[in-house]
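Colleague: Below are the structure tokens for one structure; questions will follow.
None of the figures in this text is laboratory data; all of them are computed from the coordinates on show. Note that the coordinates shown come from a computational prediction; the quantities given were computed from them, not determined experimentally. When we count neighbours, we look across all protein chains shown, and the Cβ atoms used for this are built from the backbone with ideal geometry, even at glycine.
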Amino acid sequence: MSIVDRLFASVMPLVPRPIVRRLSTRYIAGESIADALQAGAALQGADYRVTYDILGEAVADRAGVETAAAEYEQLLQALIDQKLERNLSLKPTQMGLDVSEDFCFEIVSRIAQRARAHEAFVRFEMEDSPTVDATLSVFDRLRAEYGGTVGCVLQSMLHRTEDDARRLVSIEQPLNVRLVKGIYVEPPEVAYQDGAEVNASYLRTLEILLDGGAFVAVASHDEALIAGLHAYLDKNPDARERTEVQMLLGVREELRQQVRASGLPVRVYVPYGTQWYPYVVRRLRKNPKLATYALTGLFRKREKMSS
């Protein structure tokens, strides 16, 4: 991680909120459901798939978790009413994982039940390494109960991920995995520190999952990994229906256009909500490189889309 990245990250929390908000607008749809639906409708009109995320994490009290869950239920109903794609992304610590695994399962189940009834999909996200065991434990229960309505996330930077992938594909249930590198700064005891090693782990995990019959969302802005997906599909064309590429709102839009033009479906992650400021600051502390992305993104042209 460069000195410049760390410098930007160290000064960002000192920057006035209006300026931080300006930096975040490329990557966050807004504060309201209406903002998110407007962004999502434009993306769908440009032939992208969309997943929605309400900002917020590290919620340690039951009342806060209940509030977050209610907001997701409102979002799901709005997507149903607007006839937009019903695809949600939930963070474990926002859904009560810091309270207890049982409570988290109950909360996500409430959303998953409604999602299943309306042919929607719920992505149960992944956070930093201390939460992985509990997150996968809750996901196992959700998967057993709701099958393909609920998916998980694996991070290739973690040493354990290939073994986690093998275990998940060995279970006789539909499996949908969002495969990421991982954004958290992790110690060398649990995570690869070299980018080449992270990429190699990513491609090995991708092969394990696809060979095992899983649907895999290749969440990356790295051309090398997208090329690796193309190489796998050239050899295994039957797996094409079980893949998509996922990218973050506002990040490398020119690349996502190229990927879409190549014939691969692209899903865009659309975060929104009133918790944008703690989200930005927390992300910068976890990964200072994002500060550089935010600043340089101000000077890039946006993709034009239909409304």
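Colleague: Please state, to two decimals, what the Cα-based radius of gyration of the range 29-272 comes to when divided by 2.2 N^0.38 Å (N = residues). The partial results should precede the final answer.
Modeller: Values: Rg = 17.1 Å, N = 244, 2.2 N^0.38 = 17.8 Å.
My calculation over the Cα atoms of the range 29-272 gives 0.96.
Colleague: Follow-up question, since we're still on this one. Kindly put L248, L179, L79 in sequence by how many other C-beta atoms sit within 10 Å of each C-beta, fewest to most. Numbers along the way, then the final one.
Modeller: On the way: L248 16, L179 26, L79 22.
The fewest-first ordering by Cβ neighbours comes to L248, L79, L179.
Colleague: Please give me the summed charge of the neighbours of D35: other residues whose Cβ is under 14 Å from its Cβ, Lys and Arg +1, Asp and Glu -1. Please report the intermediate quantities before stating the final value.
Modeller: Values: positive: R21, R26; negative: E31, D53, E71.
Neighbourhood net charge equals -1.
Colleague: Given R₀ = 30 Å, FRET efficiency for E106-T274 by Cβ-Cβ distance, to 0.05? It would help to have the intermediate numbers written out before the result.
Modeller: Details: r = 25 Å, r/R0 = 0.82.
For E106 and T274, the calculated efficiency is 0.75.
Colleague: Can I ask one more? For V59, enumerate residues with amide H under 5 Å from its amide H, sequence gap 5+ or separate chain, H modeled in the peptide plane.
Modeller: Amide H neighbours of V59: Q94, G96.
Colleague: To continue, here is another question. Apply the Karplus parameterisation 6.51 cos²θ - 1.76 cosθ + 1.60, with θ equal to phi minus 60°, to every residue of the range 212-227 and state each ³J(HN,Hα) to the nearest whole Hz, in sequence, with x for glycine and proline.
Modeller: Whole-Hz 3J(HN,Hα) from phi for the range 212-227: x, x, 6, 7, 10, 9, 7, 8, 6, 10, 9, 4, 5, 6, 5, 5.
Colleague: What ³J(HN,Hα) values, in whole Hz, does the Karplus curve 6.51 cos²θ - 1.76 cosθ + 1.60 give for the range 36-52 when θ = phi - 60°, with x put for Gly and Pro?
Modeller: Running phi through 6.51 cos²θ - 1.76 cosθ + 1.60 with θ = phi - 60° gives 5, 5, 5, 5, x, 5, 5, 5, 4, x, 9, 6, 9, 7, 9, 10, 10 Hz.
Colleague: Would you list which aspartates and glutamates come within 14 Å of K235, measuring only between C-alpha atoms, while excluding same-chain residues fewer than 8 positions from it?
Modeller: E207, D211
Colleague: So how long is each side of the range 161-280 along the principal axes, counting just the alpha-carbon atoms, biggest first, in Å?
Modeller: Here the spans come out as 42, 40, 30 Å, largest first.
Colleague: Now for a separate question. Please compute the modelled spin-label separation between K235 and D81, points set 7 Å along Cα→Cβ, answer in nm with one decimal.
Modeller: 5.0 nm
Colleague: While we're here: HN-Hα J couplings of the range 135-146 from phi, Karplus 6.51/-1.76/1.60, θ = phi - 60°, integer Hz, Gly and Pro as x?
Modeller: 4, 5, 4, 5, 4, 4, 5, 5, 5, 5, 8, 10
Colleague: So, one more: 5 Å is the cut-off here: which amide hydrogens, built 1.01 Å from N in the peptide plane, fall below it relative to L88, excluding neighbours closer than 5 in sequence?
Modeller: Y52, F121, V122, R123
Colleague: Still on this structure, please answer the following. R252's amide H: which non-local residues (gap 5+, or another chain) put their own amide H closer than 5 Å, with H modeled 1.01 Å from N in plane and none for Pro or chain starts?
Modeller: Amide H neighbours of R252, under 5 Å, 5+ apart: none.
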